[in-house]
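What follows is calculated from the coordinates using simple rules that are stated; it is not laboratory data. The structure presented is a predicted model; accordingly, all values stated were derived computationally and were not measured. Heads up, the Cβs are rebuilt from the backbone with ideal geometry, glycines too, and the neighbour counts pull from every protein chain shown.
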Amino acid sequence: MNVLIIGGGGREHALAWKIAQSPLVKRLYCAPGNPGIAAHATCAPVTATDIPGLLALAKVHAIDLTVVGPEDPLAHGLVDQFEAAGFTAFGPSAKAAQLEASKAFAKHIMAKYGIPTAEYAEFSNAEEAVAYVKRKGAPIVVKADGLAAGKGVTVASDVDAAIAAIRAAMVDHAFGQAGRRVVIEERLVGEEASILAFTDGKTVVPMPPSQDHKAVFDNDEGPNTGGMGAYAPAPVVSEALLEEIVETVLKPCVQGMANEGIAYRGVLYAGLMITESGPKVIEFNCRFGDPETQVVLPLLQSDLVPVLAACCDGTLDQVALDWAPCACASVVMTSKGYPGPYSKGKPIEGIGAAEKEGVSVFHAGTKKTEGTLVTHGGRVLNVTATDATLPAALQKAYAGVENITFEGAHFRRDIGRKALERLGMEGSADR
Ligand code: AMP
Ligand code: GLY
């Protein structure tokens with residue numbers, strides 16, 4: 001079959017790397033792709049949000065299965081439009097994608113179906129929001145309702161910071177339409193984990209738990225980014241806890257959406273806080289996580305393509321997934337200055353030396369100019385390694401990082417440290 005992947009970051013590189021291994025795939029395309037993805041797929045210069053352009057591409061190349069990476073095209077109805085045109089696309093419909101695209105919608109679903117989450121209130125009037133914050137006090141969390149590219153959340157440690165966040169979203173329109181409404185919620189305390197699950201709208205199959213590292217500097221300091229690294233499996237989620245999350249979060253969510261008349265198909269991603277009183281949902285995402293996908297897919301021993309197809313046609317209960325009893329870690333290398341302003345076009349060297357057995361360098365923000373690979377984004381590369389244990393995988397990933405150079409390269413040196421501490425292996429984290 002012919003497969004089209006939509007997107008052009010590290011997540012899509014990991015998808016392309018995995019899908020290209022499927023014996024079912026005849027031709028693999030990616031739009032827009034990147035120089036790393038070009039090793040596995042034919043890249044077409046169509047942006048991920050140009051739905052008519054992508055549909056035209058699907059027609060020209062007789063695409064049998066389209067796999068959507070980012071949330072924007074999902075929220076804009078890519079899957080609906082592809083299905084209306086007779087194509088099969090992996091991912092939720094626009095209605096189902098509201099679970100990520102509207103935090104207020106997600107909160108309604110959680111409240112209605114008893115899914116554990118932070119206590120909250122929603123506002124479309126700034127003065128009412130400010131009064132609520134003054135009444136509740138800090139710490140408190142202010143979230144723009146809509147998609148804000150990961151920047152719409154403020155965890156405020158004092159009331160003034162919360163009020164500033166409300167004003168930025170609702171008065172200064174820092175996030176455009178996305179900030180017209182805000183959700184204000186209780187701050188949860190604990191360790192975070194990401195649970196990605198495949199679903200066809202009925203059956204829910206979780207992937208191994210993973211953990212992202214959002215802050216730009218070691219020890220979770222500095223501003224939040226799109227993700228500075230990840231590892232899987234995350235020991236903060238034991239097998240028993242994963243089972244509990246499937247039963248109390250994922251299944252009620254998919255079933256609740258079905259009750260609302262909305263079939264949820266694709267990946268359901270629960271961002272969780274593991275609190276003293278159990279797992280609570282921070283957010284739902286309607287797609288594969290980035291960089292979580294980069295550490296989860298290398299552990300999948302089964303062919304991914306039949307799993308994706310089964311999610312689309314409602315036969316996920318007939319598919320078995322095998323996961324390697326190994327660990328995977330990914331270190332994100334970023335441009336200097338990210339997540340603030342950064343420069344592009346810095347030549348990258350050493351990827352070939354970094355890629356040894358069990359090490360893949362997924363491209364997140366790169367470009368080829370006149371035959372030279374250069375930086376082209378805030379997140380540039382995901383140096384990813386698989387090994388029998390997490391300490392070994394981390395060591396291998398960091399050895400890969402040592403091989404790679406570009407001007408101003410930054411990376412966190414403590415990816416996986418929380419897991420190593422939990423596993424009683426703190427010493428292994430010293431580098
Ligand atoms: P989100 O965009 O909803 O994933 O939020 C971004 C980050 O903000 C999360 O990964 C958490 O680290 C933090 N965060 C969001 N909501 C809460 C909350 N209720 N309590 C504590 N931290 C939160
Ligand atoms: N890892 C965070 C995200 O994919 O939204």
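Return SER124, SER277 ranked ascending by Cβ neighbour count within 10 Å, so the fewest neighbours appear first.
Numbers: SER124 12, SER277 9.
Ranked by crowding around the Cβ, least crowded first: SER277, SER124.
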Fill in: Using θ = phi - 60° and Karplus 6.51 cos²θ - 1.76 cosθ + 1.60, couplings along the range 264-276 (whole Hz; Gly, Pro as x)
9, 10, x, 9, 9, 10, 9, x, 10, 10, 8, 9, 4
Worksheet item: If you wrap a convex hull around the Cα atoms of the range 26-93, how much volume per residue is inside, in Å³?
Response: 78
Worksheet item: Amide H neighbours of SER93 under 5 Å, counting only residues 5+ apart in sequence or on other chains, H built in-plane at 1.01 Å?
Response: ARG265
Practice prompt. Compute the separation of the alpha-carbon centres of the range 309-347 and the range 238-252 and state it in Å as a whole number.
Written response: 22
Discussion item. Please report Rg (one decimal) and Dmax (integer) in Å for the Cα set of the range 300-431.
Written reply: 17.5, 49
Worksheet, complete the sentence: Long-range amide H partners of LEU381, meaning residues 5 or more apart or on another chain whose placed amide H is closer than 5 Å, are MET333, ALA364, GLY365
Worksheet item: What are the ³J(HN,Hα) values, in whole Hz, obtained from phi via the Karplus relation 6.51 cos²θ - 1.76 cosθ + 1.60 with θ = phi - 60°, for each residue of the range 164-171 in sequence order, with x given for Gly and Pro?
Response: 4, 5, 4, 5, 4, 6, 9, 9
Fill in: Distance between the range 196-211 and the range 122-140 - C-alpha centres, whole angstrom
35
Worksheet item: Taking neighbour Cβ counts within 10 Å as the exposure measure, how do MET1, MET228, MET257 sort from fewest upward?
Response: MET1, MET257, MET228
Discussion item. From the gyration tensor of the Cα coordinates in the range 144-195, what semi-axes in whole Å does the equivalent ellipsoid have, largest first, with each one equal to sqrt(5λ)?
Written reply: 20, 15, 8
Worksheet item: Radius of gyration and Dmax for the range 118-247's Cα atoms, expressed in Å?
Response: 16.9, 45
Worksheet entry | Diffusion constant of the range 31-187 at 20 °C, which comes from Stokes-Einstein with the Kirkwood Cα-pair radius and 1.002 mPa s, µm²/s | 122
Response to the item:
Rounded to two decimals, the Debye log10 I(q)/I(0) of the chain (Cα scatterers, no solvent) at q = 0.08, 0.11, 0.12, 0.13 Å⁻¹ is -0.42, -0.83, -1.01, -1.20
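Label the range 332-386 by shape, choosing from rounded, prolate and oblate, from the square roots a ≥ b ≥ c of the eigenvalues of the Cα gyration tensor; if a/c is under 1.5 it is rounded, and otherwise prolate applies when a/b is larger than b/c, oblate when it is not. It would help to have the intermediate numbers written out before the result.
Details: a/c = 2.83, a/b = 1.41, b/c = 2.00.
Judged from the Cα gyration tensor, the range 332-386 comes out oblate (a/c at least 1.5, b/c at or above a/b).
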Worksheet item: Using the reciprocal of the averaged 1/r over all distinct C-alpha pairs, how large is the Kirkwood radius of the range 363-431 in Å?
Response: 13.5
Worksheet, complete the sentence: In whole angstrom, the spacing between the Cα centers of the range 16-83 and the range 150-188 equals 34
Worksheet item: How are the C-alpha pair distances of the range 271-335 spread across 10 Å bins, as whole percents from the shortest bin up?
Response: 16, 33, 40, 11, 0
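Only Cα pairs under 8 Å and at least 6 apart count here; give the relative contact order of the chain as a rounded whole percent. It would help to have the intermediate numbers written out before the result.
Values: 1016 pairs, mean separation 67.1, N = 431.
Relative contact order, the chain: 16 percent.
Using the Cα gyration tensor of the range 176-281, with a ≥ b ≥ c the square roots of its eigenvalues, what is the shape: rounded (a/c below 1.5), prolate (a/b larger than b/c) or oblate (neither)? The partial results should precede the final answer.
Working: a/c = 1.76, a/b = 1.24, b/c = 1.41.
It comes out oblate by the Cα gyration axes.
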Discussion item. From the phi angles alone, apply the Karplus equation (6.51, -1.76, 1.60; θ = phi - 60°) to the range 99-113 and give each ³J(HN,Hα) in whole Hz, x where the residue is Gly or Pro.
Written reply: 4, 9, 6, 9, 5, 5, 4, 4, 5, 4, 4, 5, 5, 5, 9
Worksheet, complete the sentence: Taking placed amide H atoms and a strict 5 Å upper bound, the residues 5 or more places from GLN211 or on another chain that come that close are SER194, TYR231
Discussion item. Averaging the inverse of every distinct alpha carbon separation and then flipping it gives the Kirkwood radius. What is it for the range 1-65, in angstrom units?
Written reply: 11.4
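Find the Rg to Rh ratio for the range 200-347, where Rh is the Kirkwood radius over alpha-carbon pairs and Rg uses the same atoms.
On the way: Rg = 17.0 Å, Rh = 17.0 Å.
Here Rg/Rh amounts to 1.00.
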Worksheet item: Over the Cα atoms of the range 229-277, how large are the radius of gyration and the largest Cα-Cα distance (Dmax), in Å?
Response: 12.8, 37
Discussion item. Only counting other Cβ atoms within 10 Å, I'd like GLU127, GLU186, GLU292, GLU357 sorted with the fewest neighbours first.
Written reply: GLU357, GLU127, GLU186, GLU292
